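Notes follow the structure.
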There are 2 protein chains.
Amino acid sequence: MTREEEYMAQAIDLASKGWGLVSPNPMVGAVVVKDGTVIGMGFHKGPGTDHAEVAALKEAGIEARGASLFVNLEPCSHFGTTPPCTEAIINSGIKKVFFGLIDPNPLVNGRGIKRLSEAGIEVTGPIMEKESRSLNRIYINWMEKKTPYVIAKIALSLDGKVALKNGKSRWITNDKTRQRMHYWRSGVDAVLVGAGTIRKDNPILTARLPYVQRQPKRIVVTASGNIPTSSKVFEEGGETIIIAPKSNPPTHLKEFAEIMLIEGDGDRLGMRDIIHTLGEKGITSLLVEGGTSIHQQLFKEELVRYAVASISTKLIGSLGQEWLPAWNIGEMDAVPRVVPDQILVINNDIVIEGEVNYVHRDS
Amino acid sequence: MTREEEYMAQAIDLASKGWGLVSPNPMVGAVVVKDGTVIGMGFHKGPGTDHAEVAALKEAGIEARGASLFVNLEPCSHFGTTPPCTEAIINSGIKKVFFGLIDPNPLVNGRGIKRLSEAGIEVTGPIMEKESRSLNRIYINWMEKKTPYVIAKIALSLDGKVALKNGKSRWITNDKTRQRMHYWRSGVDAVLVGAGTIRKDNPILTARLPYVQRQPKRIVVTASGNIPTSSKVFEEGGETIIIAPKSNPPTHLKEFAEIMLIEGDGDRLGMRDIIHTLGEKGITSLLVEGGTSIHQQLFKEELVRYAVASISTKLIGSLGQEWLPAWNIGEMDAVPRVVPDQILVINNDIVIEGEVNYVHRDS
């Protein structure tokens, strides 16, 4: 790692503190460096607060004159809820700017760099683009598609089963591992389950971690409307949305949750429609917790972008319930795979987190 | 960890260097300590060579007088291929002996400790008994049952499949992970596969690692006798044994391998009989590489004692082939599980190694 990459890694690390705070904005961190010393650090803490660059420059104060700024995303050049960062940078006397990624936001997208360069600042980048992109994959997806980034969450036995034959699955993994799943809930805009999961497990679907400032929206998909009004998902903890077919609106649930109606034959709802509709509601990220029929539809249509899979060393046996759809692939190197960002060993469980890479089977 | 445990851990670590060298003997390591300094170390390198204690005492020389000896297994008190270690210890002037485990060998089993105590040596132990037991689980099993310790080796996709629907499984895991499996082959007395695996994958079943001194016996189980004489398992690399039913002896393979006949109906061979017969041949450990029908029989009869499972992040889907039998368990806390000794992350694969703990389902 070069010195520049080390400072950028520090900016990325700062940025990641914005997890769960900044949506629909990107996570951004900034570091001001002068004569080999960090003299200012900042990260974006949410809409309306200082952008990372401004926070870092404030910390650096007049020392910023002649210093270098490291930021994981191209500084903004437009007025949003705060003035453009480019102007703050220019005014501060910063000499060099290192950035991690061009901002895919069409309002910026190179304009920030152009503005800084025109003002005589030396701009270098992208550096650590892969890491910068990976950190803000939800934001990038949102900018490109205006649909939520779909994350499938699953707990598996060592032999890849999600439940016993009788449907029982509490608990495959240990409670420390399940804490990790609360981290994921704490960062996404919404958590989605099928009504079957509500009837079977009755989860509350909140992020139960001490530092959580904002609960994800809780989304329940139902074709039948069969959701007990006593379900925990209707208890305090955040907003709840029921997605149901126009042909069968669950009007009896109106006082418990927002009802979102979509096309559908009353038997099965199209996941593509659901994702699209949630995008229209401004949901940028969706943690899909199950059940498996929802996962299977999502995987079949290649809508799952990221997987968070926890594996225990339990052996459920071949009568246990399956996770994935019945796709038929002829060669080992053509199967989809998770490309791990990280593999955690938590007590005796393993957590694998990574992007899903669908191989094109006809290639 | 106390000071004593640290020395014992050192002895255990030394002992483990005997992997693949000492069978049917235990792996033993010894450390001689005087005034807080290690003055002698040794481990058993195989039949006919110095026992660990003797090797360590030789290194310590006359300095052993008044010193302490740490050894993971009770010193032997009987004449084998070498004289009893107890006498060497007594003659060396060692003052204290710390041991990890009482030797389950009926020829020793407390007699070593008794002999040392009677000679005025202060004997302390067992210390780190769990670790000492775990290191020599194959030896302990052999002493108790005179049957091989059965280790199931398996490569799984993230969703727990062992092959595509069409049977292809090369390769689920990466080559670095498969190296780890050669480590296991290098340490066991024998490797076992079904004839189907020979026909499908045609493996040579040798331990291909630079330091390997002794190849495991290669055992092929066949009811039909349908094994091509051109199979790689008949090539150089060690002794090959075919296990077949008495009712259908594969006489055409006689010049290629030793034939071992057992009872059986010509359709399926009882794994319990096979294990028993291999025990009679002096095989103390057996790495069962598959196929899954053999694994399934072994798991069903609770004959698998240890599992070495490697998991890739590939997603084979629910049409893929199953690993385990179709047992039916009603509660999550009643399922069998692997109790990991260690979990390795190798590139993007995971290797889990541990004892299989069968829960009694009727309890």
Please give the FRET efficiency for residue A:16 paired with residue B:17, using the beta carbon to beta carbon distance and R0 = 45 Å, rounded to the nearest 0.05.
0.55
Rg/Rh (Cα only; Kirkwood hydrodynamic radius) as it applies to chain A:
1.02
So how strong a dipole does the protein assembly as shown carry about its Cα centre when Lys and Arg Cβ are +1 and Asp and Glu Cβ are -1, to the nearest 20 debye?
620 debye
Which of the listed residues, B:19, B:71, B:81, is farthest toward the dipole's positive end in segment B:3-138, when Lys, Arg count +1 and Asp, Glu count -1 at the beta-carbon?
B:81
To one decimal place, what Kirkwood hydrodynamic radius in Å is obtained for the protein assembly as shown from all pairs of distinct Cα atoms?
29.7 Å
To make sure I understand, if each residue's beta carbon is the centre and we count other beta carbons within 10 Å, what order do A:271, B:260 fall in, fewest to most?
B:260, A:271
Taking a quarter of the surface of the Cα convex hull of segment A:1-131, what do you get in nm²?
6.8 nm²
How far is residue B:109 from the same spot in each other copy, in nm, shortest first, if each label point sits 7 Å from Cα toward Cβ?
8.2
Calculate I(q)/I(0) for segment A:61-128 by the Debye formula, one identical point scatterer on each C-alpha and no solvent, and give its log10 at q = 0.17 Å⁻¹ to two decimals.
-0.53
Proxy exposure order for A:230, A:224, A:285 (fewest C-beta within 10 Å first) is A:230, A:224, A:285
Go ahead and estimate [θ] at 222 nm for chain B from helices alone: -39,500 (n - 2.57) per DSSP H run with n ≥ 4, summed, over the residue count, rounded to 500.
-7500 deg cm²/dmol
Using a Gaussian network for chain B with springs between C-alpha atoms less than 10 Å apart, which of these wobbles most: B:25, B:202, B:72?
B:202
Can you list the distances in nanometres, one decimal and ascending, from the residue A:130 label point to the identical position in each other copy, with the point 7 Å along Cα to Cβ?
3.9
Find, among the residues of chain B, the one whose Cβ sits nearest the axis of the rotation taking B to A; state the distance in whole Å.
B:160, 1
With R₀ set to 22 angstrom, the calculated FRET efficiency between the beta-carbons of residue B:95 and residue B:144, to the nearest 0.05, is 0.10
If each of residue A:182 and residue B:179 carries a label point 7 Å out from its Cα toward its Cβ, how far apart are those two points in nm?
4.0 nm
Where both residues lie in chain B, what percent of DSSP beta bridges are antiparallel, nearest 5?
45 percent
Using the structure shown, select from B:146/B:246; A:34/A:114; B:34/B:95; A:176/B:130; A:153/B:168 the pairs with a Cα to Cα distance greater than 21 angstrom.
B:146/B:246; A:34/A:114; A:176/B:130; A:153/B:168
For segment A:146-357, take N as its residue count and report Rg(C-alpha) divided by 2.2 N^0.38 Å.
1.00
Express in nm, to one decimal, how much length is gained between residue B:341 and residue B:1 on full extension, taking 0.36 nm for each residue of separation and deducting their alpha carbon distance.
120.6 nm
Can you list the distances in nanometres, one decimal and ascending, from the residue B:228 label point to the identical position in each other copy, with the point 7 Å along Cα to Cβ?
6.0
Checking B:86, B:284, B:124 against a Gaussian network model of chain B (alpha-carbon springs below 10 Å), the top fluctuating residue turns out to be B:124
Report the label-to-label distance for residue B:254 and residue B:331 in nanometres (one decimal), using points 7 Å from each Cα along the Cα→Cβ vector.
5.7 nm
Looking at segment A:74-187 from every direction and averaging, what is the projected area of its Cα convex hull in nm²?
10.5 nm²
Of all DSSP beta bridges with both partners in segment B:3-138, the antiparallel percent, nearest 5, is 60 percent
Over segment A:131-184, what per residue volume does the convex hull of the Cα atoms give, in whole Å³?
129 Å³
Rounded to 5, the percent of DSSP beta bridges in the protein assembly as shown classed as antiparallel:
45 percent
FRET efficiency for residue B:204 and residue B:262, using Cβ-Cβ distance with R0 set to 22 Å, rounded to 0.05
0.35
Roughly speaking, what is the centre-to-centre gap between segment B:84-159 and segment A:309-340 when only Cα atoms are used, to the nearest Å?
41 Å
How big is the shadow of the Cα convex hull of segment B:150-218, averaged over all directions, in nm²?
5.2 nm²
Enter the per residue convex hull volume of segment A:203-315, computed from alpha-carbon coordinates, in Å³ rounded to the nearest integer.
148 Å³
May I ask you to sort A:70, A:299 by Cβ crowding, counting other Cβ atoms within 10 Å and putting the fewest first?
A:299, A:70
With springs only between Cα atoms under 10 Å, which of B:150, B:308, B:123 fluctuates most in a Gaussian network model of chain B?
B:123
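Bear in mind that the values in this text are calculations on the coordinates, not laboratory data. What you see is a predicted model, and the numbers here were worked out from it, not measured in a lab. Here the Cβ is made from the backbone with ideal geometry for all residues, glycine too, and neighbour counts use every protein chain on show.
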